[in-house]
Amino acid sequence: MPVQRLNHAVLYVRDVDRSVAFYSDALGFRVVAGMPGRAAFLQAEGSTNDHDLGLFAMGERAGDTQAGRTTVGLYHLAWEVDTLAELRRIAGVLSERGALVGASDHGSTKALYAHDPDGIEFEVSWLVPAALLSPEPTVMTAPLDLEAEISRYGAETRGGIGVSVAAG
């Protein structure tokens with residue numbers, strides 16, 4: 001049986017409470033279980049997973065991740081949102097927190113890139129519905145003009161239909 005989807009991610013962080021506050025305030029995650037100061041298990045809004053994100057404390061003396069600079073490792077996680085309106089809202093939240101580090105148009109996805117309090121990079125993206133994709137997909141990285149994409153696709157168009165969300 002092939003893999004169907006990513007069920008959850010687990011991150012090592014310096015301060016669990018600080019990371020819980022960030023992921024809750026910025027992305028709407030909620031704590032479903034944990035051990036105060038040591039670990040937390042969070043669920044994304046609307047998720048049916050028992051948890052989508054696990055956080056484990058390493059302490060303030062833990063070094064920064066070197067993945068992609070001097071070591072191999074995970075580059076980033078990508079969280080998917082349903083609409084461009086939600087992507088715009090999250091862009092504002094991440095900007096207010098000084099966490100937003102980039103915004104890219106990849107053709108089939110519209111993506112924000114940000115850093116959490118420990119500098120761990122993550123992506124928040126909206127996927128163009130399959131019916132609206134060009135018959136000749138283009139792999140690209142260009143600056144994201146979110147307002148132009150909203151004008152093109154509509155702020156409330158559900159993303160990922162036929163791609164990551166079943167059509168129908």
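In segment 18-30, the count of residues that are under 16 Å from D116 (Cβ atoms), in a strand (DSSP E or B) and not basic (K, R) is zero.
With respect to the conditions (1) modelled with pLDDT under 95; (2) of a type outside the set (D, E); (3) farther than 24 Å from M140 by Cα, L55 falls short on a single one, namely (1). Applying the condition of being touching a Phe, Trp or Tyr at 6+ places or on another chain (Cβ under 9 Å) and touching a residue at least 60 places away in the same chain (Cβ under 8 Å) to segment 23-38 and asking which residue is surrounded by the fewest Cβ atoms within 10 Å (Cβ to Cβ) yields L27. Take the residues in segment 70-122 that are among the hydroxyl-bearing types (S, T, Y) and assigned to a loop (DSSP other than H, G, I, E, B); name whichever of them is surrounded by the most Cβ atoms within 10 Å (Cβ to Cβ). Per the criteria, the residue is S108. For a quick check of your reading of the model, give me the residue pairs whose first member lies in segment 39-63 and is over 19 Å from V81 (Cα atoms) and in contact (Cβ under 8 Å) with a residue 40 or more places away in the chain, whose second is assigned to a strand (DSSP E or B) and not aliphatic (A, V, I, L, M), with beta-carbon atoms closer than 7 Å and at least 6 apart or on different chains. What qualifies is G54/F41; F56/Y12; M58/Y12. Return a yes/no flag: does segment 112-133 have any residue that is in contact with a Pro (Cβ under 7 Å, 6 or more places away or on another chain) and over 30 Å from F56 (Cα atoms). Looking through segment 112-133, none of the residues is in contact with a Pro (Cβ under 7 Å, 6 or more places away or on another chain) and over 30 Å from F56 (Cα atoms).
Within segment 39-66, being surrounded by 13 or more Cβ atoms within 10 Å (Cβ to Cβ) and among the β-branched types (V, I, T) holds for one residue alone: T65.
Under the condition of being touching a residue at least 12 places away in the same chain (Cβ under 8 Å), more than 28 Å from G54 (Cβ to Cβ), of a type outside the set (G, A, S) and not in a helix (DSSP H, G or I), the residues counted in segment 123-157 number 13. Exactly one residue out of V10, V20, V16 is within 16 Å of E123 (Cα to Cα) and of a type in the set (A, V, I, L, M, F, W, C), and it is V10.
The values are calculated or read from the model by the stated rules, or taken from the named source; none is laboratory data. All values reported here derive from a predicted model rather than from experimental measurement. Every residue, glycine as well, gets a Cβ built from its backbone with ideal geometry; the counts of neighbours run over all protein chains shown.
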